[in-house]
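Asker: I'd like to ask some things about the structure below.
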Amino acid sequence: MLPQRTGLSLQSPLRPLSVLVFHLLLTQSCRGQSQLIGPLQPIIALVGDDIILPCHLEPAEDVSAMTLEWTRSDLNSIAVFVWRAGKDLVHVKDPSYTGRTSLFTDGLKHGNISLKLSKVKLSDEGRYQCYVPKLNKESFVELVVGSASYPVITLAGIDEATGGVMLACRSEGWYPEPEVLWLDGEGNLLSAGPPETVRGPDDLYTVSSRVTVEKRHSNSFTCRVQQKNTNQTREAHISISNDFFNVQSSSVPVNTGLAVSLAVWIIMFILLLLFVVLKWRQNRIKTKRSCGDQTEKGEKKKHSKTNKSEDQCVTEEREREQLMTHETVELEVLKGNVQKKIKHFKKKRSEQQLQEEQQKEVQTLKEELLETKKNEIETKRAELQQLHEEKKRNENELQSLKEELENKEVHVFIFISLLLIQNQ
């Protein structure tokens, strides 16, 4: 019985020891299978932005001495970035990326292979590959590049049929092609014709759209230009005075109507003046001829009859002069009306120009405010990125300490087990 009891006592500490050794071997084998982790969603950037294409090893591993490659599928054999022997190999890089790509050299020790790409271009759009040849591991990042700008609203004229105001909206420098929407003050969509789209030599789109609006409770209108793939939206607003809706339906567009109206009035005035002058000259010539004929006949007749004819000529001449005076007064009145019309149109035009200048100033202030907000957001984003990297670094250090502690615990356990075996 003693030998059996001794055998049991010898086997009992060996069982947990074998289980522990198996567990350690399994853990080490699992740790050896590193994975390159990239983003699940595409990275969206605007032209001119500085961005980061994420890629890191999990679990973390020092890759500073390894060869690291960033490529793009449509560039064939040309690389975007190559890191070898602790250096950036510039000579194998695509020329369009020269001076715009780099790695986080401090983060390589912790498996961070993310690529920094500055001053993004439209041509940078594509599918990028992060690759570690030694580990034969790869990860992919989709980059979507867009461009956006703020629209500008202008008054296009008056609709003669409805008396409504025509508005025009234009926005340049978009990519991909955006859509244009018109909204009223309550956010309701307005019915507008199809927008006009032009693609320039720089591959950027220019869109323009027109809409006719009628007088309503809130004469505030919005032109919204948006691109869903890049999640970009830009808006412009305009408020129209009630005076614009009070213009008669016979009025032509504000900008061209002023010139046309002035030209018509001036032409009519000149033609009327010429007609009156010609008529007056014809009447005067006829009067002189008739008076001359009557004078010649009077020499053959009696002296009393001749005096009577001369008196009639003088009377007719006075009547014609009175008629010309009356026509001159009418012309002066007509001229005054024309001048009043000209002053009225000039006043309307100056009010419109003042309103357009105010709208431009408001638009400029909005753009400056948005630019300031954008800079603040970029600063906050950079700070968050630094905090994230710091957090990652602390986690890696904590993981390393944890692994060292586990190794020490295993060594202690093995040492105690061996002592127990020796004592038995």
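Asker: On the basis of being within 41 Å of the chain's Cα centre (by Cα) and either modelled with pLDDT of 90 or more or in a helix (DSSP H, G or I) (or both), does V82 make the cut?
Answerer: yes
Asker: On to the next question. Could you say which residue among S73, S102, S114 is touching a Lys or Arg at 6+ places or on another chain (Cβ under 7 Å), at pLDDT 90 or above and not hydrophobic (A, V, I, L, M, F, W, C)?
Answerer: One residue alone meets the criteria, S102.
Asker: Please go through the stretch 351-404 and give me each residue that is under 30 Å from the mean Cα position of the chain (by Cα) and polar (S, T, N, Q), ordered by number.
Answerer: Q352, Q353, Q355, Q358, Q359, Q363, T364, T372, N375, T379, Q385, Q386
Asker: Picking from V82, V120, V47, which residue would you name as being touching a helix residue (DSSP H, G or I) at 6+ places or on another chain (Cβ under 7 Å), touching a residue at least 40 places away in the same chain (Cβ under 8 Å) and over 18 Å from E389 (Cα atoms)? Give the derivation first.
Answerer: Details: V82 fails: touching a residue at least 40 places away in the same chain (Cβ under 8 Å); V120 fails: touching a helix residue (DSSP H, G or I) at 6+ places or on another chain (Cβ under 7 Å).
Every option except V47 fails the conditions.
Asker: Of all residues in the stretch 105-144, which are open to solvent by less than 30 Å² (accessible area, probe 1.4 Å), touching a Gly at 6+ places or on another chain (Cβ under 7 Å), of a type outside the set (S, T, N, Q) and within 12 Å of P54 (Cα to Cα)?
Answerer: Matches in the stretch 105-144: C130, V141, L143.
Asker: For S102, work out the one condition from (1) of a type outside the set (V, I, T); (2) in contact with a strand residue (DSSP E or B) (Cβ under 7 Å, 6 or more places away or on another chain); (3) open to solvent by 50 Å² or more (accessible area, probe 1.4 Å) it doesn't fulfil.
Answerer: If we test S102 against (1) of a type outside the set (V, I, T); (2) in contact with a strand residue (DSSP E or B) (Cβ under 7 Å, 6 or more places away or on another chain); (3) open to solvent by 50 Å² or more (accessible area, probe 1.4 Å), just (3) comes out false.
Asker: Based on this model, can you work out whether D94 counts as of a type in the set (D, E) and open to solvent by 30 Å² or more (accessible area, probe 1.4 Å)?
Answerer: No, not satisfied.
The values are calculated or read from the model by the stated rules, or taken from the named source; none is laboratory data. Everything numeric here is computed off the predicted structure, so don't read it as measured data. Virtual Cβ from ideal backbone geometry, glycine too; neighbours counted across all protein chains shown. What goes into the accessible areas is simple: the full protein's heavy atoms, side chains included, and nothing from ligands, DNA or RNA. Shrake-Rupley method; radii C 1.70, N 1.55, O 1.52, S 1.80 Å.
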